[in-house]
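What follows is a set of notes on a single structure, which appears directly below.
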Amino acid sequence: MASGKKIDPFLKTNNDTGFSANADNVGGRFINRDGTFNLRREGISFMRRYSVYHHMLTLPRWKFFGFLMLVYFILNLLFTGIYLLVGLDQLQGVIATDWWGKFKEAYFFSTETFTTVGYGRVNPIGDGANLVASIEAMAGFLSFALATGLMYGRFSRPRSFLLFSDFALVSPFKGGRALMFRFASFKDNHTLTDVEIRVNIGLRVPQDNGLMEYRYYDLGLERTRVESLPMNWTVVHPIDDKSPINGFNWEDMKDADVELYVLIRGFDDIYSNYVLQRTSYTYNEIQFDRKFLPMYRESDDGQTTILELHKLNEYVELTEKIPVSDGLTW
């Protein structure tokens, strides 16, 4: 740390995060903002590492349905090519005379066979075409069964549906300072209960031998549990003598390569199961001398509370800077 700030040596470290302490072997942040781990595996073949099922369950929705349509299109092109190789004389009812027209009729016959619709004008009459059509019909059954299973797996998979503020703020708190961020559930009729949160912090600190090492600490929070989460929750870590970032300014956090690791666990009544959500904040996503603005209001008729999700990231910059305690020095 070029700034000279020192962490209280009596603070208990958390050695159970699962992250490496060797600063030379770690690149970038540990956890991405979407909760995935910033990690790439190497050393064994791609096919052994890759899981089609898990990949399809975690794909964004537009990519998932786009992939299904692409596979459907490619498979039908493949069978269309086979029908053309076998010969269109084995397909009865083809009326097109030019090559493009014959290709289209073969393609749409393939889609009808693949989906088992079978409109009837074009039908196979040769042994080769009948064999291909029978194989394609079976492939269609299997493909739709797989697609149905994947869609059920995606829709039945418990999700937390939480939005996090883009930044964590260092704000005034009870005569001192506190590190804060907030989050809220954004789906209608979707409220988590028995919600618990845990926040760890990783810092890069110099050792006696001159090498850098990561140390991890549990951050003490004003509140670690709420019974339900119908509104937003502002998570508060008081920066006091028990805080590993006591006396830190932004430059100190940059020198220490600070990253907050957030883990939220709650019970979802809809899925009747517990859901988890992870995220993180690095030092460049922490802003000083700012304060969140309220993000809920009373309705015009005074009968309802309105949670304004578009204000999740709204804050005001303080005109008077929060004094920073001296802390410890090297």
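The values are calculated or read from the model by the stated rules, or taken from the named source; none is laboratory data. Note that the coordinates shown come from a computational prediction; the quantities given were computed from them, not determined experimentally. Using ideal geometry, Cβ is built from the backbone for each residue, glycine included, and neighbour counts are taken over all protein chains shown.
Give me a count of the residues in segment 103-133 that are part of a helix (DSSP H, G or I) and closer than 22 Å to Leu70 by Cα. Matching residues across segment 103-133 total 14. Selection of segment 19-75 for residues being farther than 30 Å from Arg204 by Cα, hydrophobic (A, V, I, L, M, F, W, C) and free of Cβ contacts under 8 Å to residues at least 60 places away in the same chain yields Ile44, Phe46, Met47, Val52, Leu59, Trp62, Phe65, Phe67, Met69, Leu70, Phe73, Ile74. Keeping to segment 150-160, report how many residues are polar (S, T, N, Q) and assigned to a loop (DSSP other than H, G, I, E, B). Matching residues across segment 150-160 total 1. Looking only at segment 215-230, decide whether some residue is closer than 27 Å to Asn22 by Cβ, surrounded by 17 or more Cβ atoms within 10 Å (Cβ to Cβ), among the aromatic types (Phe, Trp, Tyr) and in contact with a helix residue (DSSP H, G or I) (Cβ under 6 Å, 6 or more places away or on another chain). Within segment 215-230, none of the residues are closer than 27 Å to Asn22 by Cβ, surrounded by 17 or more Cβ atoms within 10 Å (Cβ to Cβ), among the aromatic types (Phe, Trp, Tyr) and in contact with a helix residue (DSSP H, G or I) (Cβ under 6 Å, 6 or more places away or on another chain). Pairs linking a residue in segment 278-293 that is in a strand (DSSP E or B) to a residue that is surrounded by fewer than 19 Cβ atoms within 10 Å (Cβ to Cβ) and small (Gly, Ala, Ser), with Cβ atoms under 9 Å and 6 or more positions apart or on different chains, are Arg278/Gly35; Thr279/Gly35; Ser280/Gly35; Thr282/Gly28. Looking across Ile264, Ile245, one residue alone is farther than 30 Å from Phe155 by Cβ, touching a strand residue (DSSP E or B) at 6+ places or on another chain (Cβ under 9 Å), among the aliphatic types (A, V, I, L, M) and buried (at least 20 other Cβ atoms within 10 Å of the Cβ). It is Ile245. Just one of the numbered conditions (1) free of Cβ contacts under 8 Å to residues at least 40 places away in the same chain; (2) under 27 Å from Thr305 (Cα atoms) is not true of Ile197; which one? Failing condition for Ile197: (1).
The residues in segment 195-230 that are farther than 13 Å from Leu263 by Cβ and of a type in the set (A, V, I, L, M) can be counted, and the count is 6. For the condition among the polar types (S, T, N, Q), under 30 Å from His237 (Cα atoms) and modelled with pLDDT under 95, Ser160 qualifies.
For segment 24-64, a tally of residues being in a loop (DSSP other than H, G, I, E, B) and closer than 30 Å to Ala168 by Cβ returns 16.
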